[in-house]
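Undergrad: Could you have a look at this structure, given as structure tokens, before my questions?
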Amino acid sequence: MGKRIMLLLLMVVFLGVVTTTSFAVNNVTYDHRALVIDGKRRVLVSGSIHYPRSTPEMWADLIQKSKDGGLDIIETYIFWDLHEPVQGQYDFSGRKDLVKFVKLVGEAGLYVHLRIGPYVCAEWNYGGFPLWLHFVPGIKFRTDNKPFKEEMQRFTAYIVDLMKKNNLYGSQGGPIILSQIENEYGNIDSAYGSAAKSYIKWAANMAVSLDTGVPWVMCQQADAPDPIINTCNGFYCDQFTPNSNQKPKLWTENWSGWFSAFGSPIPYRPVEDLAFAVARFYQRGGTMQNYYMYHGGTNFDHTSGGPFITTTYDYDAPIDEYGIVRQPKWGHLKDVHKAIKLCEAALVATDPVYSSLGPNLEATMYKTDSGLCAAFLANVGTQSDATVKFNGNSYQLPAWSVSILPDCKNVVLNTAKINSMAMLPKFIPQSVKYNLDSSGDIASTWSWFREPVGISKTKTLVKPGLLEQINTTADKSDYLWYSSSIIIKYGESLLQNGSQTVLHVESLGHGLHAFINGKLIATRFAPTGNHKISVDIPATLNPGKNTVDLLSLTVGLANYGAFYELAGAGVTGPVSLRSSNGGLTLDLSSQPWTYQIGLKGEDLDLSSGSSSLWDSSSFPKNQPLTWYKTLFDAPDGNDPLALDFTGMGKGEAWVNGQSIGRYWPALSSPDSGCTDYCNYKGPYKSNKCLKKCGKPSQELYHVPRSWVKPSGNVLVVFEEIGGDPTKISFTTKQVGSICSHVSESHPPPVDMWNTDQTGKKSVPTLSLECPSSNQVISSIKFVSFGTPQGSCGSYAHGTCRSLQAQKIVQKACVGARSCNIGVSVATFGDPCIGVKKSLAVEAICG
Ligand code: GAL
């Protein structure tokens with residue numbers, strides 16, 4: 001072989017090694033302080049990204065943004081129902097390409113925490129279990145019985161083997177450093193009696209026997225058997241202690257926000273509180289925490305759990321549903337991570353020593369004989385700011401905040417003081433480009449198909465009595481028709497004058513459309529929190545045969561709680577007809593009913609857009625049970641895309657045959673419960689800070705860019721309750737303004753501290769950066785150095801302001817992608833001596 005070829009080959013081998021072993025982890029263990037990677041204790045920051053909640057085309061960018069945000073680990077659940085939709089038939093294609101996802105994380109130089117479960121909760125349909133599991137003879141979920149244990153072990157072993165085959169465990173030089181078995185079983189195990197204990201022991205042994213070579217965790221499982229590490233989930237985990245002094249303190253779910261449900265307002269969590277929780281955790285001995293979620297993403301198709309989990313799983317996470325960093329959340333947390341990493345050497349070298357600095361005031365030192373020293377000062381009070389003395393120096397500590405001192409002297413960050421910029425995202429409406437004919441009538445571009453009422457398929461089931469829905473459909477469709485009829489004799493009291501007939505229906509949920517003689521007489525959805533429906537519907541009967549057709553539907557299967565898999569759904573009765581004047585009642589519950597699983601349109605595969613049954617004449621608006629189809633050109637550019645379903649009712653939509661999920665803009669949240677201002681000080685809970693009261697929970701639905709081509713895209717919509725598809729529009733998500741507001745008393749940015757160990761020369765600095773590398777700051781919308789008020793998008797001058805500020809900031813920023821400005825009188829002069837000043841800037845990127 002020639003020398004050059006040898007060299008080339010060597011290079012190929014070398015490059016190959018570089019990409020697959022950008023880590024070269026060989027050994028992962030733990031001790032009481034930390035995870036130990038190749039012999040080194042580590043302080044680690046992790047974030048959840050669930051691979052099927054975005055597209056493979058988005059993964060590399062999401063991972064890079066996670067890395068840029070200071071994460072060391074990406075955590076994901078594994079979704080059994082996606083990977084084994086039919087028992088024994090596996091699928092790892094497209095969004096399900098787990099191996100590709102893990103490799104991408106590894107190639108970016110990050111670790112992976114693989115939470116196999118295989119019960120995952122996650123607001124995911126049926127908690128991640130495939131529906132067929134329910135039909136395995138003799139099975140009881142998540143407790144000690146042979147059929148369940150066999151299936152759980154088989155799937156877990158399958159995943160572990162798949163990872164091993166691809167050399168993805170740390171023990172093989174791959175990125176996976178941790179795995180989880182089960183999920184928060186300790187929250188519900190008491191419902192399973194003594195079998196819970198033996199089940200969890202079995203699960204632990206089973207996991208360990210799979211010999212991954214990296215540690216296993218169980219979250220919220222105080223009795224997790226050795227060597228499994230029990231970990232904490234919650235909004236705060238600083239008070240948590242593992243069940244053995246040989247195990248490190250790990251936090252597997254730090255909820256960065258909360259999930260949302262149709263018909264409910266949207267929760268959000270202020271970053272000052274999230275940063276406080278993170279800093280408290282590391283202050284009190286924690287060495288790994290994971291944001292659940294770091295990128296929440298989208299519940300495409302029928303993946304959302306429930307009932308009623310929205311299609312968006314944005315979660316108020318540091319990276320938003322569309323893959324854009326959420327600022328200042330992402331940036332402030334990045335600063336927190338940097339500050340904590342500056343403390344890493346001291347943190348892993350020793351145990352914390354706590355001291356009280358007064359009521360609600362706590363100092364923690366990590367100090368070694370070799371001269372390492374890092375400290376955290378916390379004010380856990382919710383009302384008063386404090387000035388504390390520590391090591392002979394004086395420090396200002398706002399309420400509900402932690403200051404981080406990597407040298408036990410200089411504060412590099414206070415969790416309540418945000419140095420990072422804010423960003424105002426904007427949704428820009430884009431008119432849908434239809435292939436309009438000369439009439440210019442949008443409706444003419446739509447074709448439609450009316451879903452027949454009642455039984456329309458040849459394949460049906462006739463049974464006496466009312467069947468539970470999930471056992472009947474096996475979740476093959478959201479829909480189940482219950483059809484029956486009744487003969488009313490002429491003169492029967494139900495028909496007598498003055499007596500209105502009432503159809504009474506009781507259902508386990510989640511929704512119901514009732515028809516008598518083919519006519520819709522009621523639509524009902526189970527109220528939030530109580531999944532049952534009980535209705536009395538006025539009905540008009542005719543002498544002779546009357547048909548009763550009930551279309552029952554689910555909106556995501558339950559995913560949480562003991563025995564959640566048995567919650568059931570559908571019209572389980574009673575169903576009766578009675579005269580409203582208290583006369584005759586006819587109970588229809590146990591008479592023969594004909595059942596049809598799913599819709600005719602589903603059978604015809606209308607979602608793909610094909611089929612010859614589409615009708616183009618006399619376009620019907622605001623009609624229930626109607627399928628619509630149109631062709632459209634995608635809005636130009638690469639900005640993330642969403643469909644705005646305002647004007648539509650409830651249903652599901654497909655773009656080029658791919659389900660973008662269930663939509664339901666017709667359902668608004670209650671009017672009350674939201675506040676204009678969320679006070680981050682004080683314990684957070686999921687209903688503390690809510691927005692969108694009295695508004696639809698979700699109008700915008702993410703359409704991944706990779707699912708559309710420039711022109712000739714097919715949009716299919718199944719509208720259940722009635723809507724006007726010509727009102728559907730597109731929007732693209734872009735960054736509007738970038739803003740920052742920094743005070744003279746902010747600590748200098750963490751970055752500067754690192755290069756200037758004295759911390760004295762640096763001044764508080766306002767930094768702005770356009771999110772994308774091909775943008776520059778094109779104009780400055782607002783500047784004030786003095787006492788400006790308000791927030792990004794609505795800043796206003798205060799009584800004191802420097803008149804040169806506009807010029808100075810413009811000169812420093814316009815035309816550049818990023819700029820840094822010292823927030824001090826040295827830069828701007830002093831417009832009001834003796835008054836504490838700040839600098840607020842709003843800029844536009846273009
Ligand atoms: C936890 C669970 C997660 C997720 C979260 C709420 O209890 O482990 O899977 O459901 O709650 O978003």
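The values are calculated or read from the model by the stated rules, or taken from the named source; none is laboratory data. Worth saying up front: this structure is predicted, and the values here are computed from it rather than measured. Methodologically, a virtual Cβ is constructed for each residue, glycine included, from the backbone with ideal geometry; neighbour enumeration extends over all protein chains shown.
Undergrad: Quick one: count up the residues across segment 250-299 that are within 16 Å of the chain's Cα centre (by Cα) and part of a strand (DSSP E or B).
TA: Matching residues across segment 250-299 total 14.
Undergrad: Could you check Val412 against (1) within 26 Å of Ala261 (Cα to Cα); (2) modelled with pLDDT of 90 or more and say which number it fails?
TA: Unmet for Val412, out of (1) within 26 Å of Ala261 (Cα to Cα); (2) modelled with pLDDT of 90 or more: (1).
Undergrad: What number goes with the only condition from (1) within 16 Å of the ligand (Cβ to nearest atom); (2) free of Cβ contacts under 8 Å to residues at least 12 places away in the same chain that Ala317 does not pass?
TA: (2)
Undergrad: Condition check: on the phi < 0 side of the Ramachandran plot and in a loop (DSSP other than H, G, I, E, B). Does Val160 satisfy that?
TA: Considered against the rule, which asks whether it is on the phi < 0 side of the Ramachandran plot and in a loop (DSSP other than H, G, I, E, B), Val160 comes out as no.
Undergrad: May I pose another question? Could you please tell me which pairs satisfy a Cβ distance under 7 Å, a separation of 6+ or placement on different chains, a first residue in segment 499-515 that is within 18 Å of Ser580 (Cα to Cα), and a second residue that is outside any loop (DSSP other than H, G, I, E, B) and acidic (Asp, Glu)?
TA: Listed pairs, sorted by first residue: Val502/Asp536; His504/Asp536.
Undergrad: With respect to Gly213, is the statement that it is surrounded by 24 or more Cβ atoms within 10 Å (Cβ to Cβ), modelled with pLDDT of 95 or more, in a loop (DSSP other than H, G, I, E, B) and more than 16 Å from the ligand (Cβ to nearest atom) true?
TA: Considered against the rule, which asks whether it is surrounded by 24 or more Cβ atoms within 10 Å (Cβ to Cβ), modelled with pLDDT of 95 or more, in a loop (DSSP other than H, G, I, E, B) and more than 16 Å from the ligand (Cβ to nearest atom), Gly213 comes out as no.
Undergrad: Please go through segment 554-610 and pick out each residue that is among the charged types (D, E, K, R), farther than 25 Å from Gly651 by Cβ and more than 16 Å from the ligand (Cβ to nearest atom).
TA: Arg578, Asp587
Undergrad: Residues in segment 297-347 that are aromatic (Phe, Trp, Tyr) and at pLDDT below 95: how many?
TA: 0
Undergrad: Please identify the pairs in which a residue from segment 66-87 that is farther than 20 Å from Ala275 by Cβ has its Cβ atom under 7 Å from the Cβ atom of a residue that is part of a loop (DSSP other than H, G, I, E, B) and of a type in the set (Gly, Ala, Ser), counting only partners at least 6 apart or on another chain.
TA: Tyr77/Ala122
Undergrad: Quickly run through segment 167-199 and pick out the residues that are more than 16 Å from the ligand (Cβ to nearest atom), assigned to a strand (DSSP E or B) and not aromatic (Phe, Trp, Tyr).
TA: Across segment 167-199, the qualifying residues are Ile176, Ile177.
Undergrad: Can you name every residue in segment 811-824 that is closer than 20 Å to Pro764 by Cβ, surrounded by fewer than 17 Cβ atoms within 10 Å (Cβ to Cβ) and without any contact (Cβ under 8 Å) to a residue 40 or more places away in the chain?
TA: Lys811
Undergrad: In segment 774-791, is there at least one residue being in a loop (DSSP other than H, G, I, E, B), over 14 Å from His741 (Cβ atoms) and in contact (Cβ under 8 Å) with a residue 24 or more places away in the chain?
TA: Checking segment 774-791: at least one residue is in a loop (DSSP other than H, G, I, E, B), over 14 Å from His741 (Cβ atoms) and in contact (Cβ under 8 Å) with a residue 24 or more places away in the chain.
Undergrad: Which condition from (1) farther than 22 Å from Val36 by Cβ; (2) more than 12 Å from the ligand (Cβ to nearest atom); (3) aliphatic (A, V, I, L, M) is the one that Met293 breaks?
TA: Here Met293 clears every test but (2).
Undergrad: Restricting attention to segment 123-144, report how many residues are in contact (Cβ under 8 Å) with a residue 12 or more places away in the chain, of a type outside the set (Ser, Thr, Tyr), more than 27 Å from Thr310 (Cα to Cα) and not in a helix (DSSP H, G or I).
TA: 3
Undergrad: Could you please find all residues in segment 69-87 being of a type outside the set (A, V, I, L, M) and within 16 Å of the ligand (Cβ to nearest atom)?
TA: Glu75, Thr76, Tyr77, Phe79, Trp80, Asp81
Undergrad: Would a scan of segment 297-311 turn up a residue that is within 18 Å of Gly234 (Cβ to Cβ), within 16 Å of the ligand (Cβ to nearest atom) and buried (at least 24 other Cβ atoms within 10 Å of the Cβ)?
TA: no
Undergrad: Would you point out the residue of segment 165-210, among those that are among the charged types (D, E, K, R) and farther than 18 Å from Phe79 by Cα, that is surrounded by the fewest Cβ atoms within 10 Å (Cβ to Cβ)?
TA: Lys165
Undergrad: Yes or no: Asp226 away from the ligand (no atom under 12 Å from the Cβ), in contact with a helix residue (DSSP H, G or I) (Cβ under 8 Å, 6 or more places away or on another chain) and not aliphatic (A, V, I, L, M)?
TA: No.
Undergrad: From (1) touching a residue at least 60 places away in the same chain (Cβ under 8 Å); (2) surrounded by 17 or more Cβ atoms within 10 Å (Cβ to Cβ), pick out the condition that doesn't hold for Ser802.
TA: Here Ser802 clears every test but (1).
Undergrad: Can you list the strands (runs of 3 or more DSSP E) found entirely within segment 401-462 that contain at least 3 residues being within 30 Å of Ile821 (Cβ to Cβ)?
TA: So the answer is 401-405, 422-430.
Undergrad: Kindly indicate whether any position in segment 122-136 is away from the ligand (no atom under 16 Å from the Cβ), in the same structural domain as Trp202 (by TED's automatic domain parsing) and under 23 Å from Pro175 (Cβ atoms).
TA: No.
Undergrad: Gly381 - would you say it is buried (at least 16 other Cβ atoms within 10 Å of the Cβ), free of Cβ contacts under 8 Å to residues at least 24 places away in the same chain and not hydroxyl-bearing (Ser, Thr, Tyr)?
TA: yes
Undergrad: Right, another one. Report yes if Cys237 is away from the ligand (no atom under 11 Å from the Cβ), within 27 Å of Gly285 (Cβ to Cβ) and either crowded, with 23+ Cβ neighbours inside 10 Å or at pLDDT 95 or above (or both), otherwise no.
TA: Judged against the criteria, Cys237 is a match.
Undergrad: Same structure again: Among what's in segment 539-596 and is β-branched (Val, Ile, Thr) and in contact (Cβ under 8 Å) with a residue 40 or more places away in the chain, pick the residue that is nearest to Thr303 (Cα to Cα).
TA: Val555
Undergrad: So Ser264 passes all but one of these: (1) of a type in the set (Ser, Thr, Tyr); (2) crowded, with 24+ Cβ neighbours inside 10 Å; (3) within 16 Å of the ligand (Cβ to nearest atom). Which condition number does it fail?
TA: (2) is the only condition that Ser264 fails.
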